[in-house]
Amino acid sequence: MQSQFLNQQPITIEPVHLDTQSSFTEPESGEYPSCELVSELTQFYGHFQDSVEMYAEPERVTAYLDTHQEWFRDCAHPMKAEPIGANGYALTIGRFGSFGYEVEPKIGLELLPRHDGIYKIQTIPVPGYEPPGYEVDFQATQGFVPIPTHEYFSEPQPKRIELPPTITRIEWELDLSVGVRFPKFIHKLPQSLIQSTGDRLLGQIVRQVSRRLSHKVQQDFHNRMNIAIPKKLKRR
């Protein structure tokens with residue numbers, strides 16, 4: 001899969017409003033539904049994958065990823081990322097919701113050191129923080145595919161752009177499970193509608209966050225290495 005991260009628009013996570021013909025109606029002005037949470041979790045799950053290219057040899061790319069402490073927080077902006085230990089971060093994603101119920105999820109992520117050429121990212125607890133009504137399980141892997149430069153482009157690159165003999169494609173996969181304790185009034189909606197809307201919102205958040213973060217990491221890497229990104233070159 002070719003990278004879709006260049007020239008992306010800034011991330012915007014808007015509230016999702018459920019469109020339903022059920023007997024449930026939104027509260028009129030001045031009326032507020034009870035936000036008492038039910039005990040059971042409603043589970044949402046998604047599997048995601050994509051890739052991004054770095055115009056450098058794998059050794060230079062892994063050396064950069066190994067020093068995430070130097071760039072991760074800046075690249076995560078506008079999300080807020082606070083360090084947890086040597087390899088972890090408390091990441092605040094953004095605020096979203098529907099029908100007057102909003103949540104601003106914060107999750108702890110640990111960027112594990114590379115092992116056998118693979119990076120893994122997993123969920124960790126955020127010290128002193130108890131998630132209000134939700135649980136997140138985040139399991140991601142990143143691998144590398146070296147591509148000979150002469151095979152990557154269908155046309156010779158301009159002489160002013162110097163590229164290495166090998167380009168590195170970072171391929172990632174994510175298994176994400178989110179459990180939410182909704183207020184009782186939300187459960188007046190059809191369960192199928194809640195499920196489909198939650199799955200769709202989860203996918204929207206992952207796509208926007210991953211594209212924004214990958215684009216900024218790609219730019220930061222090439223800026224630090226003083227490597228031009230040949231955006232307009234045609235690929236095979």
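What follows draws every value from the coordinates through simple rules; no lab data is involved. All values reported here derive from a predicted model rather than from experimental measurement. Counting neighbours? That spans all protein chains shown, and the Cβs are built from the backbone with ideal geometry, glycine included.
Consider just the alpha-carbon atoms of the range 162-236 and return their Rg together with their Dmax, both in angstrom.
Considering the range 162-236 through its Cα atoms, Rg and Dmax are 19.8, 60 Å.
For a label point 7 Å from the Cα of Arg224 along Cα→C-beta, name the residues of the range 61-95 whose backbone N is under 16 Å from it.
Under cut-off, by backbone N: 61-77, 87-88.
I want the local charge near Ala140. Using Cβ-Cβ distances under 9 Å, sum +1 for each Lys or Arg and -1 for each Asp or Glu among the other residues.
Residues near Ala140 contribute -1 overall.
Exactly which chymotrypsin sites (Phe, Trp or Tyr not before Pro) in the range 54-155 are in a DSSP loop and have at most 15 other Cβ atoms within 10 Å?
Here the sparse-neighbourhood loop sites are Tyr129.
Pop out the Kirkwood hydrodynamic radius of the range 117-225 from its pairwise C-alpha distances, inverse of mean 1/r, in Å to one decimal.
18.0 Å
Could you list, in their original order, any pairs among Lys120/Lys188; Lys80/Lys188; Lys106/Lys184; Lys106/Lys216; Lys120/Lys184 whose Cα atoms are separated by more than 31 Å?
Lys120/Lys188; Lys80/Lys188; Lys120/Lys184
Could you state the orientation-averaged shadow area of the convex hull built on the Cα atoms of the range 55-205, in nm² to one decimal? Don't skip to the end; give the middle numbers.
Values: hull surface 49.4 nm².
Average projection, Cα convex hull of the range 55-205: 12.4 nm².
Using a Förster distance of 22 angstrom, determine the FRET efficiency expected from the C-beta separation of Gln122 and Ser192, and round it to 0.05.
0.10
Would you kindly state how much longer the chain becomes between Asp74 and Glu173 on full extension, computed as 0.36 nm times their sequence separation minus their alpha carbon distance, in nm to one decimal?
33.4 nm
Quick one: which residues, 5 or more positions from Phe182 or on another chain, have an amide H under 5 Å from its amide H? H modelled 1.01 Å from N in the peptide plane, none for Pro or chain starts.
Those qualifying (amide H under 5 Å, at least 5 residues apart or on another chain) are Val38, Thr42.
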